[in-house]
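**Student:** Right, I'll just put the structure down here and ask away after.
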Amino acid sequence: MKLVFMIGNAAVGKMTVGQALAKITGLRLFHNHMTIEPVLEIFGAFNARAIDRLRTVIFEEFAKTDQYGMIFTYMWAFDRQEDWDYVERVKDIFRPYGTEFYYVELVAPQSVRLERNATENRLLQKASKRNVPWSNQNLIDSDARYRLESLPGEIPFENYMKLDNSALSPEDAARYIRERFGL
């Protein structure tokens, strides 16, 4: 099995590139808002514990299948040890099944991401982003609060790539990722 961590800042294109990659590889997409949105709807607020528990169940059950693999999108704050620990916890779920891990870090300038923050696909898939002025401010605040792009040489893992997808279509980015890793 393969597990692709599609990481990057808000509105960089993790879900959209993940959708395109899933279409051409047979990997299943599990974008982070697939657990965030239902929790927001049910609880009326962000509940990190509920989101984490839902994700854990999905990871545990998926790891036991004979699926080709999964793409998991994640906004990784590289300056927070708990985010590094979270990635390791996810990997620990999959390790007993001989899973191969891949890391795709998408990067784009804030101006590009603010444009992408209001795209039709994003707003369709992520109800919490439909208040675009709030979502734009949240993106800007996250950029100021966390370091959401890795430093050169910081990611120590095999099968890692950093891809500036500012000028790439999701399909072109997906093809590049597929070819790079032989997915």
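Laboratory data are not the source of any read-out in this text; all were calculated from the coordinates shown. What you see is a predicted model; the values in this text were computed from it and never measured. In this analysis, Cβ positions are derived from the backbone assuming ideal geometry, glycine residues included, and neighbour counts consider all displayed protein chains.
**Student:** Restricting to lysines 8 or more places apart or on different chains, can you count the pairs in the chain with Cα atoms under 24 Å from each other?
**Tutor:** For the chain, qualifying lysine pairs total 16.
**Student:** Out of residues 5 or more away from K2 or on other chains, whose amide H comes under 5 Å of its own, with H placed 1.01 Å from N in the peptide plane?
**Tutor:** Residues meeting the criterion, in which the H sits 1.01 Å from N, are G69, M70, E100.
**Student:** Right, something else. Could you check what % of the DSSP bridge pairs in segment 1-115 are antiparallel, to the nearest 5?
**Tutor:** Details: 0 of 16 bridges.
Of those bridges, close to 0 percent are antiparallel.
**Student:** For a quick size check, give me the Cα extents of segment 35-135 along its three principal axes, largest first, whole Å.
**Tutor:** 44, 33, 29
**Student:** Which far-off residues, 5 or more places away or on another chain, put their amide H under 5 Å from the one on V107, with H placed in the peptide plane?
**Tutor:** Here the answer is L163, D164, N165, since their amide H atoms fall under 5 Å of that of V107.
**Student:** To continue, here is another question. May I ask for the equivalent-ellipsoid semi-axes of the chain, computed as the square root of five times each C-alpha gyration tensor eigenvalue and listed largest first in whole Å?
**Tutor:** 23, 20, 17
**Student:** On to the next question. Which of the peptides 104-114, 45-55, 162-172 is most tightly packed, and how do the rest follow, judged by the mean count of other Cβ atoms within 10 Å per residue?
**Tutor:** Ranking the peptides 104-114, 45-55, 162-172 by packing returns 104-114, 162-172, 45-55.
**Student:** Expressed as a fraction of 2.2 N^0.38 Å, the rule-of-thumb size for a compact globular protein of N residues, what is the C-alpha radius of gyration of segment 128-183? Don't skip to the answer; put the middle values down first.
**Tutor:** Values: Rg = 15.1 Å, N = 56, 2.2 N^0.38 = 10.2 Å.
Compared with the compact-globule rule of thumb, segment 128-183 sits at 1.49.
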